[in-house]
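The values are calculated or read from the model by the stated rules, or taken from the named source; none is laboratory data. Since this is a predicted model, take the numbers as computed values, not measurements. Counting neighbours? That spans all protein chains shown, and the Cβs are built from the backbone with ideal geometry, glycine included.
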Amino acid sequence: MAEVKPLRGLRYNTETIRDLASVITPPYDIITKEAQARYYARHPYNIIRLELGQEQPDDDTLDNVYTRAAATFSEWRLQGTLRQEAAPCYYLYQQTFSHAGQAYTRTSLLGRVRVEPWSARVVLPHENTLAKAREDRLRLLRACNANLSPIMSLYEDPQGRMRRLLNSYTATAEIRIIDEDGVEHRLHPITDAQQIALIQDFFSQRQIYIADGHHRYTTALNYLDEIRAQHSNLNPDDGVNFVLMALIDVDDPGMLVLPTHRLLSGLSPQMLDNLAHLERHFHVTRLAPSDQQTLLNNLAEAGRQQPSLLILTTDQALLLKLNAEGQKAMQASGHSDAWNELDVAIVQYLLLEQSLGISTDDITAGRYVSYTHNDQEAFQAVRSGGAQAVVMLNSTPLRQVCAVAQADDRMPQKSTYLYPKLITGLVVNPLW
């Protein structure tokens with residue numbers, strides 16, 4: 001099972017960087033060009049210069065975003081801007097935030113996890129990765145030889161052992177900062193030798209599910225293979241054998257999964273007509289025009305009983321519940337039973353592929369389908385004509401994510417959105 005060890009993390013020196021909120025960023029994959037420029041301007045030591053450097057017109061093999069990140073990383077360490085812990089430790093990491101008027105606190109443990117091949121079934125994935133993103137992260141890892149941001153992962157703790165251990169640290173956080181979205185981040189090192197031993201023992205009996213960060217874990221695997229090819233006698237405790245993770249109880253009350261709605265555009269008249277003839281696979285209820293919240297409440301109530309979705313067009317709202325014929329059709333998907341029960345899988349296989357003829361290649365290429373996590377944005381897209389139709393979904397329960405991972409299957413693109421993202425810049429894991 002999983003080997004989770006403490007680390008001598010690199011952290012910003014708070015004697016020189018007094019406002020940590022000015023040097024942190026979200027993960028690289030959700031940073032827009034506009035946000036990137038904003039983080040560059042915010043502070044000369046913002047982690048953006050390492051995590052997602054700006055490209056220049058005259059970049060070449062000797063001077064590019066990766067070489068500049070490596071040089072900057074080295075400079076910050078030499079200056080003492082980043083300082084390494086004196087002794088290995090874990091970190092309690094909490095995020096306190098609000099969504100839709102409700103307050104949440106998500107608790108995680110930052111540690112370094114031994115990199116295991118997928119075939120070992122110690123670390124379990126639930127989605128595929130894209131070659132371009134893998135290559136980008138690999139080049140950055142080669143340059144900096146460090147994990148700049150943690151992978152979000154899940155574990156099961158039905159007896160609440162880890163929850164009780166971590167709760168003893170929640171009132172004494174060493175670091176408290178509030179980011180630009182109003183999320184509070186709290187960090188506290190765990191240095192007690194007895195507690196460290198208990199943590200290691202706890203995870204030695206468990207599998208880990210990747211929730212967010214498949215590209216970074218795949219990159220860690222590929223980088224380890226490269227180093228092993230160069231060093232036949234690589235020490236098993238060498239830092240390159242590990243990757244930084246934020247480990248979260250799958251039942252943590254602060255775990256918030258937002259649905260990812262599908263915006264449909266570019267549909268032909270025939271494809272649009274097919275949206276009105278879905279009775280073969282679904283019980284279809286035509287809802288009377290009403291306010292946004294009432295429609296979402298109808299969708300949520302239906303989803304508590306069986307897989308359901310809501311289709312909105314300019315002139316109708318259709319509540320779809322999978323019927324017996326639809327359940328039978330899902331068995332022909334070629335996927336696991338766990339995959340066949342996903343709302344997002346039913347949308348992809350029965351609605352997009354079978355009814356509308358939209359292939360997975362179309363989706364990957366960005367044809368016909370775009371996405372939003374924002375309910376209001378989805379409704380507005382239909383009202384404004386920005387989308388011909390919108391498929392509204394309930395959020396995917398994390399237990400379903402784990403079931404798909406256990407089945408060694410992969411979820412459809414854009415199945416989950418864990419809110420908020422982990423922050424980048426609190427702790428860096430050096431691979432030395």
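Which ones in the stretch 104-132 are in a strand (DSSP E or B), closer than 14 Å to Arg216 by Cα and either of a type in the set (Val, Ile, Thr) or touching a Cys at 6+ places or on another chain (Cβ under 6 Å) (or both)?
Of everything in the stretch 104-132, those that are in a strand (DSSP E or B), closer than 14 Å to Arg216 by Cα and either of a type in the set (Val, Ile, Thr) or touching a Cys at 6+ places or on another chain (Cβ under 6 Å) (or both) turn out to be Val113, Val123.
Looking at (1) of a type outside the set (Ser, Thr, Tyr); (2) closer than 20 Å to Gly9 by Cα; (3) surrounded by fewer than 18 Cβ atoms within 10 Å (Cβ to Cβ), which is the only condition Val243 fails?
(3)
Please go through the stretch 50-82 and give me each residue that is without any contact (Cβ under 8 Å) to a residue 12 or more places away in the chain and assigned to a loop (DSSP other than H, G, I, E, B), ordered by number.
Glu55, Gln56, Pro57, Asp58, Asp59, Asp60, Thr61, Leu62, Asp63, Asn64
For the stretch 399-432, enumerate the residues that are touching an Asp or Glu at 6+ places or on another chain (Cβ under 6 Å) and assigned to a loop (DSSP other than H, G, I, E, B).
Arg410, Met411
Only one of these is surrounded by fewer than 17 Cβ atoms within 10 Å (Cβ to Cβ), acidic (Asp, Glu), more than 19 Å from the chain's Cα centre (by Cα) and modelled with pLDDT under 95: Asp337, Asp361. Name it.
Going through Asp337, Asp361 in turn, the sole match is Asp361.
List the pairs whose first member sits in the stretch 225-239 and is on the phi < 0 side of the Ramachandran plot and of a type outside the set (Lys, Arg), whose second member is modelled with pLDDT of 95 or more and in a helix (DSSP H, G or I), and whose Cβ atoms are under 6 Å apart, counting only residues at least 6 apart or on separate chains?
Ile227/Val240; Leu234/Arg228
Within the set of pairs 6+ apart or on separate chains, which have a first residue in the stretch 158-181 that is in contact (Cβ under 8 Å) with a residue 60 or more places away in the chain and assigned by TED's automatic domain parsing to the domain that holds Phe203, a second that is assigned to a strand (DSSP E or B) and aliphatic (A, V, I, L, M), and C-beta atoms under 6 Å apart?
Pairs found: Leu166/Leu92; Tyr169/Leu92; Ile175/Leu187.
Just the residues that are in contact (Cβ under 8 Å) with a residue 24 or more places away in the chain, surrounded by fewer than 20 Cβ atoms within 10 Å (Cβ to Cβ) and aliphatic (A, V, I, L, M), please, taken from the stretch 194-223.
Those that are in contact (Cβ under 8 Å) with a residue 24 or more places away in the chain, surrounded by fewer than 20 Cβ atoms within 10 Å (Cβ to Cβ) and aliphatic (A, V, I, L, M): Ile196, Leu198, Leu221.
Return yes when Arg139 is assigned by TED's automatic domain parsing to the domain that holds Ile248, more than 28 Å from Pro253 (Cα to Cα) and either of a type in the set (Lys, Arg) or without any contact (Cβ under 8 Å) to a residue 12 or more places away in the chain (or both) and no when it is not.
yes
Do we have any residue at all in the stretch 277-296 that's closer than 23 Å to Gln400 by Cβ, outside any loop (DSSP other than H, G, I, E, B) and without any contact (Cβ under 8 Å) to a residue 40 or more places away in the chain?
no
Scan the stretch 96-122 residue by residue and report those that are hydrophobic (A, V, I, L, M, F, W, C) and either outside the structural domain of Arg163 (by TED's automatic domain parsing) or closer than 21 Å to Gln195 by Cα (or both).
Listed by number, the residues that qualify are Leu109, Leu110, Val113.
Looking at the stretch 404-412, can you tell me whether even one residue there is at pLDDT below 95 and either more than 30 Å from Val23 (Cα to Cα) or out of contact with any helix residue (DSSP H, G or I) (no Cβ under 8 Å at 6 or more places or on another chain) (or both)?
Checked the stretch 404-412: at least one residue is at pLDDT below 95 and either more than 30 Å from Val23 (Cα to Cα) or out of contact with any helix residue (DSSP H, G or I) (no Cβ under 8 Å at 6 or more places or on another chain) (or both).
Among the listed residues Ala405, Ala389, which satisfies the condition of being more than 24 Å from Asp249 (Cα to Cα), surrounded by 20 or more Cβ atoms within 10 Å (Cβ to Cβ) and outside the structural domain of Ile248 (by TED's automatic domain parsing)?
Selected residue: Ala389, the only one of Ala405, Ala389 that is more than 24 Å from Asp249 (Cα to Cα), surrounded by 20 or more Cβ atoms within 10 Å (Cβ to Cβ) and outside the structural domain of Ile248 (by TED's automatic domain parsing).
Looking at (1) over 22 Å from the mean Cα position of the chain (by Cα); (2) in a loop (DSSP other than H, G, I, E, B); (3) under 28 Å from Tyr417 (Cβ atoms), which is the only condition Asp251 fails?
So Asp251 meets the others, but not (1).
Quick one: is Gln306 surrounded by 13 or more Cβ atoms within 10 Å (Cβ to Cβ) and in a loop (DSSP other than H, G, I, E, B)?
It is true that Gln306 is surrounded by 13 or more Cβ atoms within 10 Å (Cβ to Cβ) and in a loop (DSSP other than H, G, I, E, B).
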